[in-house]
1. Search segment A:109-129 for residues being among the hydrophobic types (A, V, I, L, M, F, W, C) and within 19 Å of B:His126 (Cβ to Cβ), and hand back the single one that is farthest from the other protein chains (Cβ to nearest Cβ).
2. Are there any pairs, at least 6 apart or on different chains, whose C-beta atoms fall under 9 Å, with the first in segment A:223-234 and among the charged types (D, E, K, R) and the second part of a loop (DSSP other than H, G, I, E, B), and if so, which?
3. Where in segment A:244-338 are there strands (runs of 3 or more DSSP E), lying fully within it, with 3 or more residues that are in contact with a strand residue (DSSP E or B) (Cβ under 7 Å, 6 or more places away or on another chain) and surrounded by 24 or more Cβ atoms within 10 Å (Cβ to Cβ)?
4. From the list B:Asn347, B:Asn377, exactly one residue is closer than 18 Å to B:Arg266 by Cα and surrounded by 24 or more Cβ atoms within 10 Å (Cβ to Cβ). Which is it?
5. What tally of residues in segment B:353-393 results from selecting those that are among the hydroxyl-bearing types (Ser, Thr, Tyr) and within 14 Å of B:Gly243 (Cα to Cα)?
6. For segment A:135-142, does any single residue satisfy the condition of being more than 9 Å from chain B (Cβ to nearest Cβ) and in contact with a strand residue (DSSP E or B) (Cβ under 8 Å, 6 or more places away or on another chain)?
7. Just wondering, is there one or more residues in segment A:196-213 that are surrounded by 22 or more Cβ atoms within 10 Å (Cβ to Cβ) and more than 30 Å from A:Ala122 (Cβ to Cβ)?
8. Only residues that are closer than 25 Å to A:Ala120 by Cα and either in contact with a Cys (Cβ under 8 Å, 6 or more places away or on another chain) or away from every other protein chain (no Cβ under 11 Å) (or both): list them for segment B:157-176, please.
Amino acid sequence: MNPTWVTGLGSVGPLGLGLPSEFPAADGRPSLRRVPQGLPLKGGFPPQAVRWLDNSSLWWVNACRQALAGHDPAERERTAQVVGLGWGSTPPVETLIRTAYAEGFASMNPAVFPYSVGNAPAGQAGLLLKVKGPALTLTAKEPAGLTAIVEACRFLSAGAFPSCLAGGVDEADPLLWRIVRPLRARRAPPAGEGACALLLRSSEAPPGRALARIAAWCSPSEPCAPHRFPNPEPLCGRMLETLLARAGWPPDSVGIAALPGETPRLAEFSERFMASRLPRARRLIFEENLGACGASWAGAAILAARTLAEGRAERAVLMAVATGGAGWAVAMGAPGAQ
Amino acid sequence: MRPVAVTGLGVFCSIGGNVESFWSSLLAGKSGVVPLTRFPAGDMRSPIAAEAPEPGGGWPNRSDRLALRAAREALAQAGLDRLPGQAGIALGAGVGGLPESERAFGAALADGKLGRRGRLRSFLGHLPATTADVLAFELGAGGPRSSVTNACSSSTVAIGQGGLWIAEGETDCVLAGASDALSQLTVGGFNALRVVAPDVPRPFDRDRSGMVVGEGAAFLVLESIDRAEARGARILALLEGFGLSVDAYHATAPEPDGKGALRAMRLALECAGSSASDVDYVNAHGTGTVANDLAEAKAIAALLGDRTPDVPVVSIKGAVGHCLGAAGAVEAVASVLSILHQVVPPNTGLAEKDPQIALNLPTKALRHSVRKVLSVNLAFGGNNGAVLFGRAL
């Protein structure tokens, strides 16, 4: 498979616009991390075009705008999108249902309905940023951002398109949060919201502005009851073995790793797994700051890419597991490293 | 793309609970559109839909039950009890558990008690990815898993994605398809947009006045040709290519000249190493809305060029309604059946062709040499998808 290069980064999240190289220590343990109010997100777009835009679309468009900054605008004609959603477009859905039950279905706002479909963010990025390559939207719960990166790598490797914006987006709907909160494990990371996008390009040689190289990817699964996490040991073992074999890396060459941490049990497993299987790796903690959502694993990929680009590590692995037993993983290297 | 074998088909929708009844109803021009019974729809402008019968099965969400019913039929036809260990699942997701979660939400709004345990269960299944998890749990599959939510082109994209996984050597077997159940939100939303027909959908008709929402599920078992041949499976057809494109024109309306749709179709042919002159039949998206059918017809005519009068073009939405996320999968099954039986189904609902549309639109089942079928789906956000199926050698 051809290597895939990370050439642009963008995010909108609880830390504002863009991500720092190192996260600040999380202050306390809020149960929900929201995107701050008042960010300049609508500037530069025609007011009419963004009037009805939902938050997910607005955040995704802004994350993509950052990732594309400084790149040749002509390339957007062929740039694709692979967008991962954790729980999808629940705020517009809630708005519509609330209106329908209170005032009847005839009162539903037709301007809101198009945002109730999951692919609205990709459609809006196409419209507002003139990104005209193919678009693919996936739902995959919290690992969605990494799911999108893995699928983007597959399409890029197959030559389906030359470059791609890949990542995740979610809005933490307060109603959904009220419903899900009692079901979440005690001491689980906070939930979050936002959008994280990486501009990816496939080529044999490193392109200009390469921040990191995605050397390998895989997505095995371990079927289990829906809504439950699988036994992580065999699944993460398979993912790591596949990644290292495909990348041709020894385990002790991995400098940073992001592993499942959605529940205390998974976090404990990840600590043990790292100690035994990735002895030299430092664990990347990201959900404490970004909150767990469809964007957070793409945020982890952004952090890894920045760490590699700044020379603070040479190799990284990211491995995510979803309830229901699906897994996704990527191996990333510094742009100049083999 | 290296061609991929189609070895199993399954479908469950308003006009048939299995492949055989679906195909005979389709050829007979039967329509599944009925007055809505699944939920109260009195204040909607057009309270009709293409309702599927109850699929049975123990899972709480109708989308999951529809999916299991069609997936099991596809596996049985492929001669499999369960999916092989490393098989993938590429699902075109629609509303997921929305039919159940919207009812729970409505009840919670009425009594203010959101957190009742039964209601929490309904909300848990709300996420469209749950259906793929249910399929994996019931049928196996330890390979890649994906839930595409590209609105009305979801399952066309999922089928293409499944083919890509096999062609790229990620796995050698994929269950690809989709499931979508009727929900008040979607039926109400399309009513709010004023794009629902008052009686039946009439794709490409001069007097067409909109689409009608349908529901159903359809799946294809895709395998590498090596694997299918090694186990002696019957290869029903080949998935030869797929193409995706974005209009970048409007949130809901198609680009009027159909340029985005044309790009997706050309990419599917290019992916297969084929050309427009190879296409014997086009399964159109053909929703029955004025804007979609006109734009799509322009795209198809531009693709076919001089051959436009000779190549039959059919929308089966007059029969099955618009199954939204599952539309592409239901139509993919119909496309493969056209190759198998060398018959093109009729444009159910079409009485008088729109004079602005220069396509060959059969109104009766037509015996025809079908070696390659191009199946097209267009979606909100200008997300277009096309897949090319070819006759097995």
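1. A:Val112
2. A:Arg228/A:Thr323; A:Arg228/A:Gly324; A:Arg228/A:Gly325
3. A:315-321, A:327-333
4. When all the criteria are applied, what remains is B:Asn377.
5. Adding up the residues that qualify gives 1.
6. Filtering segment A:135-142 down to residues more than 9 Å from chain B (Cβ to nearest Cβ) leaves A:142.
Among the residues that remain, those that are also in contact with a strand residue (DSSP E or B) (Cβ under 8 Å, 6 or more places away or on another chain) are: A:142.
Within segment A:135-142, one or more residues are more than 9 Å from chain B (Cβ to nearest Cβ) and in contact with a strand residue (DSSP E or B) (Cβ under 8 Å, 6 or more places away or on another chain).
7. no
8. Selection gives B:Ile159, B:Gly162, B:Ala176.
The values are calculated or read from the model by the stated rules, or taken from the named source; none is laboratory data. Quick caveat, the model's predicted, so the values are computed rather than measured. Because the Cβ atoms are built from the backbone with ideal geometry, glycine has one as well, and the counts that use them run over all protein chains shown.
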